[in-house]
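One structure is given below, encoded as structure tokens.
The values are calculated or read from the model by the stated rules, or taken from the named source; none is laboratory data. In this text, all values refer to a predicted model and were calculated from it rather than measured experimentally. When we count neighbours, we look across all protein chains shown, and the Cβ atoms used for this are built from the backbone with ideal geometry, even at glycine.
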Amino acid sequence: MHKIEIPLDIVDVEIENVEINKEGDIIITVKSTDKDTRCHKCGRKITKLHGHDREITLRHLSILGRKVYIRIRPARYQCTHCKGNPTTTQKLTWYEPRSPHTIAYEEHVLRELVHSTVLDVSIKEDLGYEAVMGIIRRHVQTEVDWSEIERLDEIGIDEISLKKGHKDFVTIVTAHTGGNIIILAVLKGRKKSMVKAFLSSIPKRLRKTILTVCSDMYEGYINAVREVFGDDIPIVLDRFHIAKLYRKGLDELRKREMKRLKKELPKEEYKKLKGAMWILRRDIEELTDEDLEVLKWLFRYSPILELAYKLCNELTAIFDGDYSKREAERKINRWKKRVIKSGLTCFNSFLVTLDKWMDGITNYFINRQTSGFVEGFNNKIKVIKRRCYGILNVKHLFQRIHLDLEGYSFFA
Ligand SMILES: [Zn+2]
């Protein structure tokens, strides 16, 4: 058999024995070459050996698909300075006391957890669910460490529901700076007082670096921002939230029209409209030829739906355009006039929202021009929203989002 030699990647140890057990796992017995430790009482370096502790076995990085365990008997040293000559177990840099894994292995598991689930990683690594949770607990912070953050630039406040149909909301506060998203907080519920308390806790040094706050169109959030930051920091209303509102108008009209057509059209004709709901909801550039064919039939039978669809896309195009706040406001107002002139009623409630929040809505255009707003931000938030699903513990949720956003840079 050919043999290969690979480094163990653990410092200051000597390998005493390597064996493969019945399960096919590789067991590597090592001895530390460090000849001292620090007294747990006085902190002095101590070198007087006082026997060994019981042998421990630590899971390490796999080799060629085989599980690897490191076996070691930690040395114990005695202090000659302290009264009573207390003993201390030698601390080594490659594992933490009471952890059943080497640090290298725990970091590997954390990398595996990025964009994955605890259950999935537990199965792939053949590691207990609780063991994976323990690794998260030991390594991932449960709240923001302000000292690690240099600037905030843009703050995002989003509401996320954790379970379908439930009123289980959390508020996710993020910072968007230099192309990265940092998770700042996961707050239970969406009360103004809680958001306010959190925003007030941002250190002064960082508060000065906030350029804008990007928020869901929710009065509690907007008022919290106003009350903490005053009028100095512009609030930008999230364009995807806005799009959801005008698309809802289209969706309602679609439902009514489909109902009507189901009654009026022969079955065979109605069948041609299959999938219309999804097609109308999708980005127009993503549509296939078959989708466009369905739309053609649909619009032949329902001209008002075509009109509403076109108006929706026109508004989206305005948001995609590179306009100044002023130009955008003019364009949106012109769009509004076209809607009113069209006689369509499906956008009525959206028009009310538009009047109420025009300033915040058009702030989006300033923000994009001045701070290089990255569209990817909203996509990431969408991914986070999906990720949150079913994780009800807010501390754990913070850890998981933190890992997803920054895990590769921490443990790469
Ligand atoms: Zn001592």
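Here SER116 fulfils each of the conditions (1) within 16 Å of the ligand (Cβ to nearest atom); (2) in a loop (DSSP other than H, G, I, E, B) apart from (1). Hey, does segment 110-129 have a residue that's touching a His at 6+ places or on another chain (Cβ under 8 Å) and under 22 Å from GLU19 (Cβ atoms)? Scanning segment 110-129, I find no residue that is touching a His at 6+ places or on another chain (Cβ under 8 Å) and under 22 Å from GLU19 (Cβ atoms), so the answer is no.
Of all residues in segment 43-70, those satisfying the criterion of being within 16 Å of the ligand (Cβ to nearest atom) and either touching a helix residue (DSSP H, G or I) at 6+ places or on another chain (Cβ under 8 Å) or within 20 Å of LYS31 (Cα to Cα) (or both) are LYS45, ILE46, THR47, LYS48, LEU49, HIS50.
Taken over segment 2-44, the criterion of being basic (Lys, Arg), within 14 Å of ALA75 (Cβ to Cβ) and surrounded by fewer than 10 Cβ atoms within 10 Å (Cβ to Cβ) is satisfied by no residue.
Would segment 127-143 turn up any residue that is at positive phi and either crowded, with 16+ Cβ neighbours inside 10 Å or modelled with pLDDT of 90 or more (or both)? I'd like the intermediate steps shown before the answer.
Keep residues of segment 127-143 that are at positive phi, which gives none.
No; the residues of segment 127-143 include none that is at positive phi and either crowded, with 16+ Cβ neighbours inside 10 Å or modelled with pLDDT of 90 or more (or both).
The set of residues in segment 93-122 being within 24 Å of ASP34 (Cβ to Cβ), out of contact with any strand residue (DSSP E or B) (no Cβ under 8 Å at 6 or more places or on another chain) and either among the small types (Gly, Ala, Ser) or crowded, with 19+ Cβ neighbours inside 10 Å (or both) consists of GLU106 alone. Of the residues that make up segment 86-101, is at least one without any contact (Cβ under 8 Å) to a residue 12 or more places away in the chain and either farther than 28 Å from ILE6 by Cα or more than 16 Å from the ligand (Cβ to nearest atom) (or both)? Scanning segment 86-101, I find at least one residue that is without any contact (Cβ under 8 Å) to a residue 12 or more places away in the chain and either farther than 28 Å from ILE6 by Cα or more than 16 Å from the ligand (Cβ to nearest atom) (or both), so the answer is yes.
Let's see how each residue does on (1) assigned by TED's automatic domain parsing to the domain that holds ILE366; (2) free of Cβ contacts under 8 Å to residues at least 24 places away in the same chain; (3) within 25 Å of GLU148 (Cβ to Cβ):
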| residue | (1), (2), (3) |
| --- | --- |
| PRO203 | no, no, yes |
| THR209 | no, no, yes |
| THR212 | no, no, yes |
| SER215 | no, no, yes |
| TYR218 | no, no, no |
| ALA224 | no, no, yes |
| PHE229 | no, no, yes |
| LYS244 | yes, yes, no |
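Residue-level check: of (1) crowded, with 17+ Cβ neighbours inside 10 Å; (2) not assigned by TED's automatic domain parsing to the domain that holds ASP25, THR88 misses just (2).
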